[in-house]
Every structure is written in structure tokens, then in C-alpha cells.
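> Handing you a structure now.
The values are calculated or read from the model by the stated rules, or taken from the named source; none is laboratory data. Worth saying up front: this structure is predicted, and the values here are computed from it rather than measured. Here Cβ is always computed from backbone atoms with ideal geometry, including for glycine, and neighbour counts include all displayed protein chains.
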């Protein structure tokens, strides 16, 4: 046998010896903690990136404070119109009513009732200009919940 084969042949393959550090934890435990830390960090980073990927629409500023404004899901209808100006078309497309039965027990008697709330669903259209998509914004209860592309528009560019 040559020198390399002698050294390799003398290394036990199934050794389970642990080397404690100054705190008494094994090297394997430190390795597992490091892996868990990295996985948690990646998970937190990924979830924050996904949360920031809400659909947005850029439009030429109507406030004069900057060249462009950005309207994103979660903005109020007021904020979208303040940033992007009056839409080209608006329509009420429905409403959603939610509610439920509730009961309370007071002084031995059982009382119940029904409570409900109704939210208006509105669609607002912005013609973004020649060859650009018309942007269809859906509001639920006055809050922007989705931004979709419609047909191709015409005229001056005012959003993208």
C-alpha cells in the first residue's frame, strides 16, 4: 500500500464520536442549529418579499410632488384618485353582505341576534394610453383589492 491508501484506510467510516465545545454542545447540535437559523432566515425573508409583491399601478402624478405616483392594493379609493386623478370610467359591480348569528347569556336568559355588514364592490377603469393596457381596479368597501389588465387603450399615456 502507498502512503495515501494507508491514511485513508485507517479512518473509521462509521465513527460517531462527538467533540464538545466550551458549552458542552456537540458539533452536530451546532450544525443543526445553524441549519435551522438559516432556514428561518430564508423563510422570513421570503415572506416579507411576497408580502411586498402587492399589485401596483404607476401613474403620472396629479399632486405635482413627483413625476409618478404608485397606487397599490390596500390603498383607499380616495388615495388612488388623489394619486392618479379621476378614472375614465366607474361602475358598481355588486355588493357582499356578511353576517352571523350571535347569542349571549345574561342572568339566566338566552338572547340572540343577527348582525350583518354590506360592502360595495366597485370597478374603476384607467385608460393608460395608446397601446397600453387599460387598468381595471376593484375596490371592496372602498379599499383596493385587485388590479387587472383590460383591453388596449388609446390616447395620451397616463399610467402603466
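> Restricting to the range 59-90, and then to whatever is modelled with pLDDT under 90 and part of a loop (DSSP other than H, G, I, E, B), can you tell me which residue is surrounded by the fewest Cβ atoms within 10 Å (Cβ to Cβ)?
Of everything passing the filter in the range 59-90, 64 is surrounded by the fewest Cβ atoms within 10 Å (Cβ to Cβ).
> For residue 122, only one of the following conditions fails: (1) at pLDDT 95 or above; (2) over 30 Å from residue 61 (Cβ atoms). What is its number?
Unmet condition: (2).
> Right, here's the next one. Can you pull out every residue in the range 135-147 that is in a strand (DSSP E or B) and touching a residue at least 24 places away in the same chain (Cβ under 8 Å)?
Residues satisfying the conditions are 135, 137, 138, 139, 140, 143, 144, 145, 146, 147.
> Identify, please: which residue in the range 119-138 is within 17 Å of residue 69 (Cβ to Cβ) and buried (at least 19 other Cβ atoms within 10 Å of the Cβ) and is, among those, nearest to the chain's Cα centre (by Cα)?
Looking at residues that are within 17 Å of residue 69 (Cβ to Cβ) and buried (at least 19 other Cβ atoms within 10 Å of the Cβ), I get 137.
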